[in-house]
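Read the structure below first, then the notes.
The values are calculated or read from the model by the stated rules, or taken from the named source; none is laboratory data. Note that this is a predicted model, so its numbers are computed, not measured. We place every Cβ from the backbone using ideal geometry, glycine too, and count neighbours over all the protein chains shown.
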Amino acid sequence: MSQVSIAALVSAAQSGQLIAFPTDTVPALAAVPDAAAKIYGAKQRPLEKPLILMAASAEELWPFVDGDARSRSIWKAVAAQHWPGAVTLVLPKGESLGQSFRVPDAVNPATPATIGIRVPNWLPALEILKQTGPLATTSLNLSGEPPLEHLDEIAQAFPSVLTPTLERWVLPPLHANRMPSTVVQWKDERWSTLRQGLVILEP
């Protein structure tokens, strides 16, 4: 692992390298969507566990999903209430989009018709995402192990992953008590909870 400036981190991500950065939940392991397969290899993650697409704004994420006007209205209302924040929405992936908004199946190999999306509520993460554009992300850990937060632990587990320098590796207050995001899926015209985090969505 190398600690680099934000500019170097952004450039590396855009070139397809794996990077890591803190978020409002747990630190993220991230790559541009076309390099998503590298995430599975690095953390030995089973292919049936999807990644999520993280961006600096909701407007950057809506082009990647597809639904009728009523559904999109509901999705946007939930996003307006909970984003930026610790809620991941699993929605139908757009299938007839232009190349610039195509989500590779490697982001969600087991169920490629859906995609999880989220905007984090943490300025250091948003600073990076504003420059990289949407990234495929997951928690920063080897599969089945607790998320890593300290740079020395990250260097040992992920020697090739780039991180911000120590002074830019800023974790939220009370980070030891943080949980992953709540994950809800839109299916059959309703929300179902796939993973309960700190945020509880009303049915």
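Summed over segment 128-146, the residues that are surrounded by 20 or more Cβ atoms within 10 Å (Cβ to Cβ), hydroxyl-bearing (Ser, Thr, Tyr) and over 16 Å from THR88 (Cα atoms) give a count of 1. Could you list, in sequence order, the residues of segment 50-62 that are in a helix (DSSP H, G or I) and either surrounded by 15 or more Cβ atoms within 10 Å (Cβ to Cβ) or basic (Lys, Arg) (or both)? Once the filter is applied, which keeps residues that are in a helix (DSSP H, G or I) and either surrounded by 15 or more Cβ atoms within 10 Å (Cβ to Cβ) or basic (Lys, Arg) (or both), segment 50-62 yields ALA58, GLU60, LEU61, TRP62. Residues that are more than 20 Å from the chain's Cα centre (by Cα) and in a loop (DSSP other than H, G, I, E, B) were ranked within segment 147-172; the one that is surrounded by the most Cβ atoms within 10 Å (Cβ to Cβ) is THR165.
Of everything listed in (1) out of contact with any Lys or Arg (no Cβ under 9 Å at 6 or more places or on another chain); (2) part of a helix (DSSP H, G or I); (3) crowded, with 17+ Cβ neighbours inside 10 Å, the single unmet condition for PRO120 is (2). Among the residues making up segment 63-72, those that are out of contact with any Gly (no Cβ under 8 Å at 6 or more places or on another chain) and in a helix (DSSP H, G or I) are ALA69, ARG70, SER71, ARG72. Residues in segment 179-203 that are acidic (Asp, Glu) and touching a residue at least 40 places away in the same chain (Cβ under 8 Å): GLU189 only. Looking across GLU48, GLU59, one residue alone is free of Cβ contacts under 8 Å to residues at least 24 places away in the same chain and among the charged types (D, E, K, R). It is GLU59.
Residue by residue, here is whether (1) modelled with pLDDT under 95; (2) out of contact with any strand residue (DSSP E or B) (no Cβ under 9 Å at 6 or more places or on another chain); (3) surrounded by 15 or more Cβ atoms within 10 Å (Cβ to Cβ); (4) within 17 Å of VAL32 (Cα to Cα) holds:
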| site | (1), (2), (3), (4) |
| --- | --- |
| PHE64 | yes, no, yes, yes |
| TRP75 | no, no, yes, no |
| ALA80 | no, yes, no, no |
| VAL90 | no, no, yes, no |
| GLN99 | yes, yes, no, yes |
| ALA110 | yes, yes, no, no |
| LEU126 | no, yes, yes, yes |
